[in-house]
1. Given (1) at pLDDT below 85; (2) surrounded by 11 or more Cβ atoms within 10 Å (Cβ to Cβ), identify the lone condition not met by residue 54.
2. Mind counting the residues in region 36-73 that are closer than 24 Å to residue 26 by Cα, touching a residue at least 12 places away in the same chain (Cβ under 8 Å) and outside any helix (DSSP H, G or I)?
3. So, in region 25-35, exactly how many residues are surrounded by 14 or more Cβ atoms within 10 Å (Cβ to Cβ) and in a loop (DSSP other than H, G, I, E, B)?
């Protein structure tokens with residue numbers, strides 16, 4: 001149910017972006033996570049730094065999900 005909701009929200013956001021016209025600057029980037037190591041790339045330093053912060057947060061969350069059950073035992 002959550003996945004379907006996220007897909008629907010994404011489609012709505014795309015349509016809202018299309019209605020805005022061509023007035024904005026488009027930046028893009030991505031994160032590839034191999035094991036615990038994130039590889040970040042982007043079209044500008046601004047987006048790359050933002051994705052790097054998000055990748056570090058994601059890595060810490062995933063590691064804590066794995067470590068907390070081990071500590072609780």
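The values are calculated or read from the model by the stated rules, or taken from the named source; none is laboratory data. Since this is a predicted model, take the numbers as computed values, not measurements. Neighbour counts are summed over all protein chains in view; Cβ atoms, including those assigned to glycine, are modelled from backbone coordinates with ideal geometry.
1. The number of the failed condition is (1).
2. 6
3. First, pick out the residues of region 25-35 that are surrounded by 14 or more Cβ atoms within 10 Å (Cβ to Cβ): 29, 31.
Imposing the further condition that a residue be in a loop (DSSP other than H, G, I, E, B) reduces the set to none.
Summing the residues that are surrounded by 14 or more Cβ atoms within 10 Å (Cβ to Cβ) and in a loop (DSSP other than H, G, I, E, B) in region 25-35 gives 0.
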